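Here is the structure we will look at, set down as structure tokens.
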Amino acid sequence: MKNIVVLVSGGGTNLQALIDAEKRGDIKNGKITCVISSKADAYALERAKNAGIDSVVLERKAYADSKAYSEAILAELQKQNAELVVLAGFMTILDECVTKAYPYRIINVHPALIPSFCGEGFYGLKVHKAALDYGVKISGATVHFVNEKADAGAIILQGTVDVQNGDTPETLQRRIMENVEWKLLPKAVSLFCEDRITIRGGKAYIE
């Protein structure tokens, strides 16, 4: 049974999807053992409490820079014996000291079809606004491993939704969360915990 540590910053809807999937038995050979939040008032902490999951607050603003904060995160991950780290709406880009300590063991979900609308500056509603401004006909989400570059790690799973006439960033965000993110993130976590993801040539293959 692999120890899963989830990093959060906000409402925690993706965390809730993981909690619900674990309760249903959809996450095989893995258990969420700790939630780490970058904000003390994140509602995700309430979700963790309601599910009986331990939580730790490491506030980003309490640290001088990204490296100092990342070192604190790394120390907590090691303390928690994390075997898989999941970024679920975690709004801080981690320094390479974390990604190098956990190669192909950190998973993130990005609300677009990488390599479109991704990288530094593309987060939250900004991603969906950019997609709508471009006039794409489909959008979706990508579950990928995290490496030293923003949104550049090996892709694990992708899913799509149709863009509808009259969509706003908010309506598109909701459709992608409900139909893609909340389904694919738990699926990818389970695949990892079942040792069904293989890396070859920097790409992820599901066995």
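The values are calculated or read from the model by the stated rules, or taken from the named source; none is laboratory data. Small disclaimer: the values here were computed from a predicted structure and weren't measured. We place every Cβ from the backbone using ideal geometry, glycine too, and count neighbours over all the protein chains shown. Side chains included, ligands, DNA and RNA excluded: accessible areas come from the protein's heavy atoms. Shrake-Rupley method; radii C 1.70, N 1.55, O 1.52, S 1.80 Å.
Annotations
- Within the stretch 30-59, backbone nitrogen closer than 18 Å to the virtual label 7 Å beyond the Cα of Glu194 toward Cβ: 30-32
- When Cys34, Cys97 are compared by accessible area of protein heavy atoms, the largest-first order is Cys97, Cys34, using a 1.4 Å probe.
- Sulfur and carbon atoms: percent of accessible area, the chain [1.4 Å]: 49
- A dipole drawn for the stretch 3-82 from +1 and -1 charges on Cβ atoms has a positive end, and of Leu77, Ala17, Val6 the residue lying farthest that way is Ala17.
- In terms of its alpha-carbon gyration tensor, the stretch 1-106 comes out oblate; a/c meets the 1.5 threshold, while b/c is at least as large as a/b.
- Average accessible surface for the chain: 49 Å² per residue, computed with a 1.4 Å probe over protein heavy atoms with every protein chain in place.
- Rounded to the nearest 20, the size of the Cβ-charge dipole of the chain about its Cα centre is 280 debye, with Lys and Arg at +1 and Asp and Glu at -1.
- The chain shape via C-alpha gyration tensor axes, a/c threshold 1.5: rounded
- Estimated 222 nm signal from helices in the chain, with DSSP H stretches of n ≥ 4 weighted -39500 (n - 2.57), rounded to 500: -10000 deg cm²/dmol
- Sequence-separation-based contact order of the stretch 87-194, relative, with Cα cut under 8 Å and 6+ spacing, percent: 27
- Cα-based helix-to-principal-axis angle, 125-134 vs the chain, degrees rounded to 10: 30
- Distance between modelled label sites at Tyr134 and Glu178, nm, 7 Å Cα→Cβ extension: 2.5
- FRET efficiency, 1/(1 + (r/R0)^6) with R0 25 Å, evaluated for Ala68 and Ala40 via beta carbons: 0.90
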